[in-house]
1. Please tell me if CYS353 is touching a helix residue (DSSP H, G or I) at 6+ places or on another chain (Cβ under 8 Å) and open to solvent by less than 10 Å² (accessible area, probe 1.4 Å).
2. Restricting the search to the stretch 262-302, which residues are closer than 20 Å to GLN366 by Cβ and either over 21 Å from the mean Cα position of the chain (by Cα) or among the hydroxyl-bearing types (Ser, Thr, Tyr) (or both)?
3. How about the stretch 213-259: which of its residues are part of a helix (DSSP H, G or I) and open to solvent by 40 Å² or more (accessible area, probe 1.4 Å)?
4. So, in the stretch 22-44, of the ones that are charged (D, E, K, R) and within 17 Å of the chain's Cα centre (by Cα), which residue ends up surrounded by the fewest Cβ atoms within 10 Å (Cβ to Cβ)?
5. With (1) at pLDDT 85 or above; (2) more than 17 Å from ILE272 (Cα to Cα) as the list, and LYS334 as the residue in question, which single condition is left unmet?
Amino acid sequence: LTGVLDDCLCDIESIDDFNTFKIFPKIQKLQERDYFRYYKVNLKRPCPFWADDGHCSIKDCHVEPCPESKIPVGIKAGSSNKYSKAANNSKELEDCEQANKLGAVNSTLSNQSKEAFIDWARYDDSQDHFCELDDERSPDAQYVDLLLNPERYTGYKGPSAWRVWNSIYEENCFKPRSVYRPLNPLAPSRGESFYTWLEGLCLEKRVFYKLISGLHASINLHLCANYLLEVETWGKPRWGPNVKEFTRRFDPAETKGEGPRRLKNLYFLYLIELRALSKVAPYFERAVVDLYTGNGHEDAESKALLLDIFRDTKSFHMHFDEKSMFAGDKKGAKSLKEEFRLHFKNISRIMDCVGCDKCRLWGKLQTQGLGTALKILFSEKEIQSLPENSPSKGFQLTRQEIVALVNAFGR
């Protein structure tokens with residue numbers, strides 16, 4: 001993949017060099033820190049658009065939480081429940097061990113982080129969100145350790161998975177009525193006719209489509225890179241790169257020339273999130289903002305590393321210029337921006353229809369990360385006018401948004 005991306009003045013080689021040598025090593029380190037590795041998510045929210053018709057029955061999809069009585073007291077923030085002999089029977093122990101073996105989403109937290117979750121402040125956010133946010137106070141919301149639950153191919157596919165992407169592309173990508181199915185790029189190709197409608201759209205609607213396509217490509221790339229290669233009867237499953245699957249989804253010959261477009265949209269998504277990081281730097285540069293976990297030394301190191309990444313993002317010389325978006329007459333621009341926001345918010349709600357819990361976890365996180373990036377790009381004036389030594393007014397980010405932004409960009 002080479003050359004200049006559409007709708008911006010950036011070439012792929014420059015992005016590769018910048019990311020490989022400056023950004024990627026640092027963002028990896030940041031993702032390993034306690035503040036960024038624990039993400040609170042509700043995986044039990046019902047699908048708002050159709051009845052749950054295809055919950056994944058494959059073991060690697062499942063969240064199998066250990067019985068409450070078996071979770072060490074140190075990971076239950078604020079809870080005083082203790083072990084009891086009655087609870088500590090072998091059947092429950094077997095259930096717990098079996099759940100771990102099945103690749104369940106592991107919601108275990110380190111003791112070091114216990115106090116952090118008690119003390120993290122919650123703020124009401126007055127900004128309009130681009131995402132439907134989970135209620136963190138819901139009894140169904142749980143902390144998940146992202147490092148113990150990597151994004152990978154679990155075997156979840158078929159009509160249920162297709163329905164999610166089909167709904168996203170068909171109903172939320174500003175499709176003109178004159179364009180007939182299939183709109184989803186993974187559907188059988190209809191050649192260049194698929195792109196003639198896209199080229200006729202205004203910049204904002206093209207950007208929207210490219211972001212969703214880039215997100216789709218990102219998810220597919222990670223599934224190909226961390227694929228369930230074989231299931232051993234008595235041992236652990238083996239995961240690794242599946243070149244054949246990658247070729248099927250991205251090779252020009254296999255995709256009728258479609259694959260490189262998908263990959264270019266991934267680079268476009270990278271540019272948008274990179275631009276958001278460079279724009280949100282003033283928010284974090286203030287002394288009043290602290291990446292608080294309760295471990296003062298680690299918190300200081302985490303913030304220093306984050307600010308270092310911001311400096312790198314500002315040094316990039318071919319940023320996407322978001323000022324070219326929503327730049328027409330004020331009334332039309334405002335209406336289009338609101339339509340843009342509502343379409344994206346709808347996509348974030350569709351993520352609650354994903355039938356595989358691990359896939360839902362990463363889908364929700366990456367969608368929220370992109371939604372946070374869009375929120376930042378459309379709040380530049382509010383960010384620039386933030387007070388230095390008092391809580392934010394007009395613009396603020398919850399910890400969930402910060403964690404989602406960094407991890408989505410890390411993906």
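The values are calculated or read from the model by the stated rules, or taken from the named source; none is laboratory data. All of these numbers come straight from a predicted model, not from anything done at the bench. Here Cβ is always computed from backbone atoms with ideal geometry, including for glycine, and neighbour counts include all displayed protein chains. SASA here: full protein model, heavy atoms, side chains in, ligands and nucleic acids out. Shrake-Rupley method; radii C 1.70, N 1.55, O 1.52, S 1.80 Å.
1. yes
2. TYR267, TYR270, SER278
3. Quick first cut of the stretch 213-259, residues part of a helix (DSSP H, G or I) only: 213-225, 243-250, 258-259.
LEU221, ALA225, VAL243, LYS244, PHE246, THR247, ARG248 - these are the residues of the stretch 213-259 that are part of a helix (DSSP H, G or I) and open to solvent by 40 Å² or more (accessible area, probe 1.4 Å).
4. Taking the stretch 22-44 first, the residues charged (D, E, K, R) are 22, 26, 29, 32-34, 37, 40, 44.
After this cut, where a residue has to be within 17 Å of the chain's Cα centre (by Cα) as well, the list is 32, 37, 40.
Details: GLU32: 11, ARG37: 20, LYS40: 20.
The extreme case among them is GLU32.
5. If we test LYS334 against (1) at pLDDT 85 or above; (2) more than 17 Å from ILE272 (Cα to Cα), just (1) comes out false.
Here's the yes/no breakdown for (1) more than 30 Å from TYR209 (Cβ to Cβ); (2) crowded, with 19+ Cβ neighbours inside 10 Å; (3) touching a Pro at 6+ places or on another chain (Cβ under 7 Å):
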{"residue": "TYR270", "(1), (2), (3)": "no, yes, no"}
{"residue": "TYR283", "(1), (2), (3)": "no, yes, no"}
{"residue": "ASP299", "(1), (2), (3)": "yes, no, no"}
{"residue": "THR313", "(1), (2), (3)": "no, yes, no"}
{"residue": "LEU336", "(1), (2), (3)": "no, no, no"}
